[in-house]
1. Kindly give Rg over Rh for segment 131-252, based on alpha-carbon atoms, with the Kirkwood expression for the hydrodynamic radius.
2. Could you tell me what % of all Cα pairs in segment 65-176 have separations over 24 Å?
3. Taking Cα atoms of segment 212-269, Rg/Rh with Kirkwood Rh, to two decimals?
4. Residue 211 label point, 7 Å along Cα→Cβ, cut-off 12 Å on backbone N: hits in segment 243-270?
5. What's the exposure ranking of 154, 159, going from fewest to most Cβ atoms within 10 Å?
6. Between residue 193 and residue 132, what is the spin-label point distance in nm, taking each point 7 Å from the Cα along the Cα→C-beta axis?
7. What FRET efficiency comes out for the pair residue 63/residue 204, r = Cβ-Cβ distance, R0 = 45 Å, nearest 0.05?
8. Residue separation times 0.36 nm, minus the C-alpha to C-alpha distance between residue 141 and residue 300: what's the value?
């Protein structure tokens, strides 16, 4: 009897110890599981935090001028940057080099001295020039492109291509774009695409937008705002005798609307635009409908079939009017070109 009782007691204790061991194993496993989940959560938090705090590297970043070891080259590139940022100081109505432009600065159109993402920047100039341009019907180099801006956007005179100023400007443009592979387009260069509307852009609607969103900086007559005591504009004139002429790229509404949508009012970016698409089109229609200097360029687009859909001057190779080419609607023009 005692032997059987002892045997049953040993079996009971054994089962109890086995149950305790199993419970300990389960507890340890659960603790390890929770620990692993905690580590994974921390990793996810780090990834999310990094994505919020680290700058995005998808878009072009200009080559760093401070990394230039050759002092003479660095000085030339830095001078070029100054010419872009403060063009009026050197070439404006009271310029130190020449009195040959309207007083605007290159960076009034090419933001942050031509480095802003989708701010009409120079990221792809060095990589894509020389190239064929339908406007002239010829292969163009960077000198030609710079002088186009001087003659059209600055409503001035072309620079001597052998002069120090032209050499400095092109040295700057070439250097900041030297990190882009030849033949490729830099991400975020030029202007960001904007969808077409189903209607024509409306200057009258645009005037209302201009008064509420633009007038405080660019003035009631589009005359711009100068920096006190300096010959340069903090906010450039958008029309009138001191603005870009009707041969400039921004006189075309598709360029102006894309520029405005993703860069204006000042302080917005292409990721945080303030204007709706319709507001961008309409305010652009208002601005390009205002008076400005005229430049005679009868040789633009020698092949008229290559004219952009928004080129505001005929003749055209299609049956659409000059008004529709200037203000839209553009979808029918695009559809016809695709069919051809």
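No value in this document is a laboratory result; all are computed from the given coordinates. What you see is a predicted model; the values in this text were computed from it and never measured. Note that we place each Cβ from the backbone using ideal geometry, even for glycine, and neighbour counts take in every protein chain shown.
1. With Rh from the inverse mean 1/r over Cα pairs, Rg/Rh is 1.01.
2. More than 24 Å apart: 20 percent of the Cα pairs in segment 65-176.
3. Here Rg/Rh amounts to 0.97.
4. none
5. 159, 154
6. Label at residue 193, label at residue 132, 2.3 nm between them.
7. Taking R0 as 45 Å, the efficiency between residue 63 and residue 204 is 0.50.
8. So the chain would gain 55.6 nm between residue 141 and residue 300.
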